[in-house]
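Have a look at the structure below before the remarks.
All of the numbers you see were taken from the coordinates with simple rules; none came from a lab. Computed from a predicted model, the values in this text were never measured in an experiment. Neighbour counts run over all protein chains shown; Cβ positions are idealised from the backbone, glycine included.
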Amino acid sequence: MAEAEWTRIATLDLSTARAQVAAFAAALAAPADPVPATYAFTVFSHPDVMATVAGLATERSAVLVHQAQDFVYHGTLEAERHYTVLVDWKPHEGRPDRITLRGRVQHLRGEACETPLQEFRAEIVLFENRQETS
């Protein structure tokens, strides 16, 4: 069976404005300078991404369970910049209860690149409660 293809959710702007980065870093009890390596992961909370994932869960009467994440870095984010992040998803082969979200940070907004500056994924379980209620 061929591997499932990625379905685009959104092309998003990622701002590394100091105030936003500082709030993220404070939540992690980490320094805000340099920009924390996992900062780009915040795009997964964007309303377009959340609406898509929630819709997939609703189709199955399931709840979302974030199971795992991974990151690949080819470069670092700079403060006070704007980056384009491509966000997409695909189902797991042989596991209809799981999906993968993927974000790919392009170099500075407007610059084309073959290799993303960063790539990150979240493995999501669509947990269905199959227990009958009385």
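Tabulated values for the structure
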item	result
Sites Arg60 and Thr7 - FRET efficiency at Förster radius 25 Å, r taken between beta-carbons, to 0.05	0.95
Projected label distance in nm at Ser45 and Gln20, using a 7 Å step from Cα toward the beta-carbon	1.2 nm
Whole-number D in µm² s⁻¹ for region 14-89, Kirkwood Cα-pair radius fed into Stokes-Einstein, 4 °C, 1.567 mPa s	92 µm²/s
Ratio of the Cα radius of gyration of the chain to 2.2 N^0.38 Å, where N counts its residues	1.16
Proxy reagent accessibility, fewest Cβ within 10 Å first, across Phe120, Phe127	Phe127, Phe120
0 to 90° range, to nearest 10: angle between helix 18-28 axis and the chain longest Cα axis	50 degrees
In degrees, nearest ten, helix 47-59 long axis to first principal axis of the chain (Cα)	10 degrees
